[in-house]
1. Can you give the charge dipole size of the chain about its Cα centre, rounded to the nearest 20 debye, using +1 on the beta carbon of Lys and Arg and -1 on the beta carbon of Asp and Glu?
2. Once the Cα gyration tensor of the chain is diagonalised, what are the square roots of 5 times its eigenvalues, in whole Å and ordered largest first, as equivalent ellipsoid semi-axes?
3. Relative to the first principal axis of the alpha-carbon coordinates of the chain, what is the inclination of helix 81-90, with its axis defined by its Cα atoms, in degrees from 0 to 90 and to the nearest 10?
4. Output the Kirkwood hydrodynamic radius of the stretch 121-169, Cα pairs only, in Å rounded to one decimal.
5. So in the chain, what percent of DSSP beta bridges are antiparallel if you round to the nearest 5?
6. Once label points are set 7 Å from the Cα along Cα→Cβ at both Glu67 and Glu214, what is their separation, rounded to one decimal in nm?
7. Enumerate the amide H contacts of Gly353 below 5 Å, restricted to partners 5 or more residues apart or on another chain; note that Pro and chain-start residues carry no placed amide H.
8. Under the Karplus relation 6.51 cos²θ - 1.76 cosθ + 1.60, θ = phi - 60°, what is the ordered set of whole-Hz ³J(HN,Hα) values for the stretch 249-256, x standing for Gly and Pro?
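Read the figures in this text as sums done on the coordinates, not as results from a lab. Source: prediction; values computed, not measured. Ideal geometry is used to build each Cβ from the backbone, glycine not excepted, and the neighbour counts take in all protein chains shown.
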Amino acid sequence: MEAEGVDLLFLAPSADLEYLTGVERLIPTFGQSSYAHGWVEGAFLRRGADPVFVLPRMVAAFELDHEPEGELVVVNEQDDGPAVFERVARGLGTSATVAIGDRVWAETTLHLAHIFGAERLRTGSALVNELRRRKTSEELEVMGRAIAMAEQAMAAVTPLVVAGATTADLAEAVDHELRAAGSRTPSFTTHVFTGLGEGELDSGTATAHEPLREETAVMFDFGAVADGYCSDFGRTIYVGEPPDEYREAYDVMLAAQEAGRAAAAAGTTAAEVNAACRAPIEEAGLGEHFRHRMGHGIGLGLHERPFISPEEETQLEPGMTFTDEPSIIVPGRFGVRIEDIVVCEEGGGRKLGSYPAALVANG
């Protein structure tokens, strides 16, 4: 904050706030819950001072797992929410520049603009991302546990990938196994699919309950959560005996993943690492079917910067963690994908997981 000339930072419940204060986020739900004065929820942070939390009474009473370190201001239903929020904000001293988290509610942002003036506001999540993107050994240990949970789930579900099973059944089995392995929640909606085109079987569409057929590749994309840290994992299981064309494409995908991992050395730009991952797929004449990017940063958030993609010129640094997830999806024919988490080190990337990458076929 000092380096960027920021006097005050407001963060709503988020990975950023959890990282800085230990206040745990709730598990997201499809339907949005809300409370009276819900928009005030968050914390003000200043240089050299404890944070000041502002919480609606319902949040403080029923969602806060422990009283956070710092000052806590509770806004009751009958209170004048805007007045309380303004009193707290103005009581923190003169602020020439106020940063706000990138996912703060628009209503909160409008109130902050009214209090300080819109010209004084700027986005603030990048301030915290600079800290979060380089993981400590303790963070890597926690992420390793989240990865192990996903690998345990994959091992348990693999025998179920047979003709007659449905992607809905398999997604439900993955979620069950994640819970059994100790995951707090899936890190995102579990996705089991055979492709991305019309008529493909997909756990997120109306085809979720249609039975799998022989000679079908089934792709898995899911993750676990350990102490707030996410994993993101993927494998492909072939139902039946894979033809030579499929085996060749799978080998290309493995070569792409390895090229991306090897290129992920400290000092290399994310765009260069993405290009290295893409090269074997291009060389095999399958470039048009690599519709993805190599990956994305990961940690307390599922998708964090830097992204490992063509537009990202960030130089990788030791301790940065990101996914390595090349895919080749040919509409109407087949799909192959694999995904692991890699940590950047001086000489290249290192996989944090240990799950086998070899092609698995269930006859």
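1. Here the chain has a charge dipole of around 440 debye.
2. Equivalent ellipsoid of the chain: 42, 24, 17 Å, largest first.
3. 80 degrees
4. Numbers: mean 1/r = 0.0696 Å⁻¹.
Here the Kirkwood hydrodynamic radius works out to 14.4 Å.
5. On the way: 40 of 55 bridges.
Once the DSSP bridges in the chain are tallied, antiparallel ones form about 75 percent.
6. Distance between label points: 6.8 nm.
7. So Gly353 has HN proximity to Ile341.
8. Ordered by residue, 3J(HN,Hα) equals 5, 5, 5, 5, 5, 4, 5, 5 Hz.
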